[in-house]
Amino acid sequence: NGAICIQPCSPSFHGETSFVCEDRKWQMLSDACASLDVQSLFQVRMLLGTYFGFVLPGDGAKHFGAGSHSCQADFSCIIPDILSSPAIPGNIADIVELLKKISLQLSENVTRGKMQSYSRIANHILNSSIISNWAFVKDRNAGSILLDSVNLFAGKLLLINGSESIQEPFIATKGYSIHRNTSAKSFDFSMEFNSTGNITGHVVIPEDELLRLPRASKAISVAFPTLGAILETNQPDPALVNGMVLSVSLPEELQSVLLTFEKLNKLGQAGAQCVGWHSAERRWDPGACAVRAHSASAVVCECAPRRRTYRSFSILMAPAAPRSALLHGLTRAGLALSILSLLLCLLIEALVWHHVTKTEITYMRHFCLVNIAASLLVADVLFILAAIVHNTALNYQLCVAATFFLHFFYLALFFWMFTLGLLILYGLLLIFIKITRSVFLAAAFSIGYGCPLVISALTVAITEPKNGYLRSGACWLNWYETKALLAFVVPALSIIVMNLIVVVVVVVKTGRSSFGEGCKSQDLSSMIRVCKNVALLTPLLGLTWGFGLATIIDSRSLAFHIVFALLNAFQGFFILLFGTLLDRK
């Protein structure tokens, strides 16, 4: 297709070098190589360091400084340099990386100016005249990365007057404010594909879908007339993309959207198939869309966003949780094991109850343990039901009810763990003060269920009238509008701090009497006993939930969310292990 075959070479290279492409040998002088490839490659690389402080791997990294943030307002200052650099494979790869970095780090409050500059940069490497150069980009996943980056950035576009439209020849972005009382919304695109003419696309959100929205939201659509030729799949026999690529960012309450594609090739007699791009697996997914209508010139597709039955467990304490197959897998496995473990724990407690509660202190301890297990069991089941309610029923009142009880039982879990911590302090420090069973039960129920009821009831009463109780995309407490999530996070973290003090007291009490008074073997046994006490108390007092603070501080870190899910989605199993199975009685 007339593409020039080139490869990067070192700027210190002297003499001639050879380039081989599809069995054709090209001779180029080193000066020509430097002027065509390396110089422009460094030019793009230096933009990332000069204006944003980004660092890319490779030779260009050594040119970066600390970076200046004067360009971050709308990125317009880098446009002339980007557009003047030739769209050769090395530059394409770096521009894709630049767009990815901007999307990940500079996508807060995306104004019209930011989106215009971003679109101009993307348009430079999506031009139909240079599409053949993508075949020589080293990273075969670059097209998919570009699509994900544009979707992420465009999804944060601010709609100042209720709508927005940014049009470039090879990328167009449109956004509308939508709510349940509006009629069906549509996005129309007519874009240049090559010198011979235009190609059109059409997006429609049906009116019955808009009725699912609990509050005003926004819908963003991006059209790419040339991206279909760039996306490389892992499928052995990839199909031809015979139309533009339409990307739609919708509220998660919506279940389907109608897309109309004009065919590029209207002469072929082959049937059409509607597909969605699966970024993680790098393939076209036929299960995402279905053909609604088909003619010689156009195809109408009905597409449904991918939905997961379970949310990430870390959503309980984090303002937002990243989408990750590993994270959702850990949540599913952890909840399943936790629920089975808690059922077994309660069954064992029922069978041996009369044998292990002969003294007042053991009765109080096992009473707390049973209520901790019961609260966590109900909360874990509700966590699953809340996700199912949100994904299938999509009933707003049902989602409010699920969130209220989810909030109540997870708070009950923490307040019963707090009660157990107070009981441990009582057993260690107040051994000569006796508490009757009736006084203990009254105090324990007031703390364990009374406090959570007051907090959860006040939260829904204060925030629900303002439509600020639920977060968008899940049946759980809102963060960005009303900070309702703090009604769970603050009590939980406060109890964790208190229980941490309890553990410190236990360590001091159990270790002080033995350390340094005997031989090394006695010191070692004392250390082992202290470690065992800490291991036993950590899940029973909920100390692992303290890692939720990391997900609050940096909600974008996938590693923090994975560690949190590992520590806490499996809490029911740890309660069975340390609270029941390792109890000698």
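What order, most packed first, do the peptides 407-413, 490-496 have when packing is the mean number of other Cβ atoms within 10 Å of each residue?
Top to bottom by mean Cβ count within 10 Å: 407-413, 490-496.
Using mean Cβ contacts within 10 Å as the protection proxy, how do 74-84, 141-151 order, highest first? Please list the in-between numbers first.
Numbers: 74-84: 15.4, 141-151: 20.6.
Ranking, from highest mean packing down: 141-151, 74-84.
Kindly flag which residue pairs out of LYS434/LYS585; LYS114/LYS218; LYS483/LYS509; LYS174/LYS266; LYS483/LYS532; LYS156/LYS466 have an alpha-carbon separation exceeding 29 Å in this structure.
Violating the 29 Å Cα-Cα cut-off are LYS483/LYS509; LYS483/LYS532.
Given the C-alpha centroids of the range 82-105 and the range 460-485, what is the distance between them in whole angstrom?
Cα centres, the range 82-105 to the range 460-485: 39 Å.
How large is the accessible surface of GLU360 in square angstrom, using a 1.4 angstrom probe and rounding to the nearest 10?
GLU360 has an accessible surface of roughly 80 Å² with all protein chains in place.
The values are calculated or read from the model by the stated rules, or taken from the named source; none is laboratory data. This one's a predicted model, so the numbers in the text were calculated from it and none came from an experiment. Cβ coordinates were reconstructed from backbone atoms using ideal geometry, including for glycine residues, and neighbour counts include every protein chain displayed. Heads up: the accessible areas ignore ligands, DNA and RNA and are worked out on the full protein's heavy atoms, side chains in. Shrake-Rupley method; radii C 1.70, N 1.55, O 1.52, S 1.80 Å.
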